1. Sort out for me the helices (runs of 4 or more DSSP H) sitting completely within the range 80-197 that have 3 or more residues that are within 15 Å of the chain's Cα centre (by Cα).
2. Contact list please: Cβ distance under 6 Å, first residue in the range 162-178 and over 15 Å from Leu195 (Cα atoms) and touching a residue at least 12 places away in the same chain (Cβ under 8 Å), second residue buried (at least 22 other Cβ atoms within 10 Å of the Cβ) and among the hydrophobic types (A, V, I, L, M, F, W, C), pairs at least six apart or on different chains.
3. How many residues are among the charged types (D, E, K, R) and within 16 Å of ligand 1 (Cβ to nearest atom) when one looks only at the range 130-159?
4. Can you tell me which residue among Ala187, Ala160, Ala175, Ala192 is of a type outside the set (Asp, Glu), loosely packed, with under 14 Cβ neighbours inside 10 Å and over 21 Å from Ala100 (Cα atoms)?
5. Looking at the range 122-142, which of its residues are surrounded by 15 or more Cβ atoms within 10 Å (Cβ to Cβ) and either among the hydroxyl-bearing types (Ser, Thr, Tyr) or within 21 Å of Ala18 (Cα to Cα) (or both)?
6. Is at least one residue of the range 54-66 in a helix (DSSP H, G or I) and over 20 Å from Cys14 (Cα atoms)?
7. For the list (1) within 16 Å of ligand 2 (Cβ to nearest atom); (2) out of contact with any His (no Cβ under 6 Å at 6 or more places or on another chain), I need the number of the one condition that Cys14 fails.
8. Quick check on the range 101-157: of everything there that is aromatic (Phe, Trp, Tyr) and within 14 Å of ligand 2 (Cβ to nearest atom), which residue is farthest from Leu195 (Cα to Cα)?
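Read-outs: derived from the displayed coordinates by stated rules, not from any lab. Everything numeric in this text was worked out from a predicted model, so none of it was measured. Cβ coordinates were reconstructed from backbone atoms using ideal geometry, including for glycine residues, and neighbour counts include every protein chain displayed.
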Amino acid sequence: MQALIVIDVQNDFCPGGALAVPGGDEIVQGINALMAEFDAVVLTQDWHPAGHSSFASTHEGRAPFDVTQMPYGPQVLWPDHCIQGSPGAQFHMELETDRADLILRKGFRPEVDSYSAFFENDHQTPTGLEGYLDTRGIERLTMVGLATDFCVNFSAVDAARLGFAVTVQEDLCRAIDLDGSLATAKAGMTEAGVLFR
Ligand code: VGL
Ligand code: ZN
C-alpha cells in the first residue's frame, strides 16, 4: 500500500502569501493529477497559534530569517504565517482537498515548531502520522509540496528513518532555498535513503 503525502500546499506558501515559496502555486494541478495513483492521500497543514515561537515578531529585536537558539536546537525565525483559521492557513483554492483521507495539522504547540509530518522540531514529540500509516498497512510514501528544503525534507528524512520507503517527487515540490538550504536538504535526504524522481 502506498500513500501520497502532500506537504503544506497553503496560501501563505504560495505567491502573495506571508512566506511565499517561489513557484509554490505551480505544483497544484500536478499534485491533483497524481492523487488517483495512490491507496491513500494525506495532506499536512501548517497550523500555528498567533504569537508562535517560530515567528520573528514574537522575539523582541529579531527579524524574519534570523536563526535563534531554542531548547531543542537552532530555529529559523519566520514571518508570521499559517495562523490558525486565517486565509493564509487555508489550502490553495485549487488543491483537491476532497480527495484527502487524512488532513494532519502540525505546528500548533506555541513553544515548538514542527516541520516534519512525523515529529515536532524536538525530534521526539510524535504527530501520530506513523501510527496512522502503520495501522493502514502503508509502507511506501511519495512526498510532494512545500517547501522542499524544510517541511518536505524533515518529513522525508523522518519517514525514511522510521522505515518507510520514501520517494520525493521533485517537480511537484518548490524550495525556499535559504543560504544553501536546498543543497543541504538534498544531501541529507539522500543520506537517509530517500529516492528522488
Ligand atoms: C514551512 C517554514 C515554516 C514549510 C513551514 O512548510 O516548509 N517552512 N513553516
Ligand atoms: Zn510554519
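1. Filter on the range 80-197 gives 153-161, 181-192.
2. Arg174/Val21; Arg174/Leu146; Ala175/Ala147; Ile176/Val21; Ile176/Ala147
3. Residues flagged as among the charged types (D, E, K, R) and within 16 Å of ligand 1 (Cβ to nearest atom) within the range 130-159 amount to 2.
4. Values: Ala160 fails: loosely packed, with under 14 Cβ neighbours inside 10 Å; Ala175 fails: loosely packed, with under 14 Cβ neighbours inside 10 Å; Ala192 fails: loosely packed, with under 14 Cβ neighbours inside 10 Å.
Within the list Ala187, Ala160, Ala175, Ala192, the selection yields Ala187.
5. The answer is Thr127, Tyr132, Thr142.
6. Pass one, the range 54-66, residues in a helix (DSSP H, G or I): 56-58.
Filter once more, keeping what is over 20 Å from Cys14 (Cα atoms): 57-58.
Looking through the range 54-66, at least one residue is in a helix (DSSP H, G or I) and over 20 Å from Cys14 (Cα atoms).
7. Only one criterion is unmet by Cys14, namely (2).
8. Phe108
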